[in-house]
Amino acid sequence: MSSTPAHPRRPLTAPSVRARKVAHGSDPLVMVTAYDAPGARIVDEAGVDLIHVGDSLAMVVLGYDDTLQVTTEQIAHHVGAVARAKPAALVVADLPWMSYHVSAADTVRNAASLIRAGAKAVKLEGGRKRLPMIEAIIDAEIPVMGHLGLTPQSVHAMGGFKVQGKDSRAAGLLVEDAKALAHAGCFAIVLEGVPSEVARIVTDAVDVPTIGIGAGPDCDGQVLVYHDLLGIEDRLAPKFVRRYADQKRDAVAAVASYADDVRQGRFPAPEESYHLAADVAETLGLYGSPS
Ligand code: KIV
């Protein structure tokens, strides 16, 4: 079963996203993660601008404690599922840890494998020290989204998932990184886990949109993880998450009702079962003859 919207949306492209600065009159960008076809259909029907197949896949779908465990092949597998939903939203795939910390040739090969799987752009973490790889990917005609601030792939180097850019020196370095990424040709930059004031300075300093997560209200857009937004992941509650549903609670209650119905003999009901035609049932002696 699939529903076709009455007015299909025009697919978003990296250049159309790049033009979306709030300061120039654009609406804020909406990005949500998704990792499979049903999730992609849900967020696309809801009208988001970008779908991010993030390496958060490792934590919210595959059950790891950090994002370092997921491979390019695993991301590509999930990008394929998202792309087969044919969303109008722009599909951006994460380059996982160690997929772009290698040679330029291998970096471009890894980025290309995500594009061949169905992504229209890739995202990678880090500032000026990643410029050679960003330039190599862009040179291969693949749009790149940057990611600065709390970069989860650096969890061990940062000493944990910690808010970044909290002193004036760190804030200044963040602004310089953002300018360098924009200058290199990144079409947008995710700002994660930085003080709102710093996100505002960065947003004012670059002519490409910033997309915030835990970065306050002044970015050119916002991104949330699907499982956080819908309350499917209920173990962690970071301050920046707003839950718009409690799907974990609802799902547990629904499955418990099903289990109860099975155990009490209430499921399946006759109308949920297939039946023989009366004459066939009679031939099989399934109806008792009146005594
Ligand atoms: O992997 C991810 O989900 C992300 C977003 C939080 C931006 O990188």
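The values are calculated or read from the model by the stated rules, or taken from the named source; none is laboratory data. Note that the structure is a prediction, hence the values are computed from the model and not measured. As a convention, Cβ positions derive from the backbone with ideal geometry for all residues, glycine included, and neighbour counts pool all protein chains shown. For the accessible areas, the whole protein counts, side chains as well, though only heavy atoms, and no ligand, DNA or RNA atoms are used. Shrake-Rupley method; radii C 1.70, N 1.55, O 1.52, S 1.80 Å.
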* Asked: What tally of residues in segment 197-217 results from selecting those that are within 14 Å of Val30 (Cα to Cα) and open to solvent by 60 Å² or more (accessible area, probe 1.4 Å)?
  -> 1
* Does Glu141 satisfy being without any contact (Cβ under 8 Å) to a residue 40 or more places away in the chain, part of a helix (DSSP H, G or I) and either over 24 Å from the mean Cα position of the chain (by Cα) or surrounded by fewer than 18 Cβ atoms within 10 Å (Cβ to Cβ) (or both)? -> no
* Structure fact -> Filtering segment 114-129 down to residues that are buried (at least 18 other Cβ atoms within 10 Å of the Cβ) and at negative phi yields Leu114, Ile115, Ala117, Ala119, Lys120, Ala121, Val122, Lys123, Leu124, Glu125, Gly127
* Does any residue in segment 50-74 that is without any contact (Cβ under 8 Å) to a residue 24 or more places away in the chain and aromatic (Phe, Trp, Tyr) come within less than 7 Å, Cβ to Cβ, of a residue that is open to solvent by less than 20 Å² (accessible area, probe 1.4 Å) and near the ligand (Cβ under 9 Å from one of its atoms) six or more places away or on a different chain, and which pairs are these? -> Tyr64/Ala58
* Asked: Which members of segment 81-92 meet the condition of being closer than 20 Å to Val144 by Cα and outside any helix (DSSP H, G or I)?
  -> Pro87, Ala88, Ala89, Leu90, Val91, Val92
* To do: Examine segment 182-200 for a residue that is assigned to a helix (DSSP H, G or I) and in contact with a Ser or Thr (Cβ under 7 Å, 6 or more places away or on another chain), and state whether such a residue exists.
  => yes
* Structure fact -> The lone condition Glu125 fails out of (1) within 15 Å of the ligand (Cβ to nearest atom); (2) in contact (Cβ under 8 Å) with a residue 40 or more places away in the chain is (2)
* Structure fact -> Filtering segment 185-196 down to residues that are over 17 Å from Val92 (Cβ atoms) and open to solvent by 20 Å² or more (accessible area, probe 1.4 Å) yields Pro195, Ser196
* To do: Go through the residues of segment 140-157 one by one and say whether even a single one is touching a Cys at 6+ places or on another chain (Cβ under 8 Å) and not hydrophobic (A, V, I, L, M, F, W, C).
  => yes
* **Val198 vs. criteria over 23 Å from Asp49 (Cβ atoms), outside the structural domain of Ala171 (by TED's automatic domain parsing), away from the ligand (no atom under 16 Å from the Cβ) and modelled with pLDDT of 95 or more** => no
* Out of Val102, Val108, Val155, sole residue that is more than 18 Å from the chain's Cα centre (by Cα) and touching a residue at least 60 places away in the same chain (Cβ under 8 Å) -> Val155
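Results for (1) open to solvent by less than 50 Å² (accessible area, probe 1.4 Å); (2) within 16 Å of the ligand (Cβ to nearest atom); (3) of a type in the set (A, V, I, L, M, F, W, C), shown as yes or no for each residue.
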residue	(1), (2), (3)
Leu131	yes, no, yes
Glu135	no, no, no
Leu150	yes, yes, yes
Ala157	no, no, yes
Asp167	no, no, no
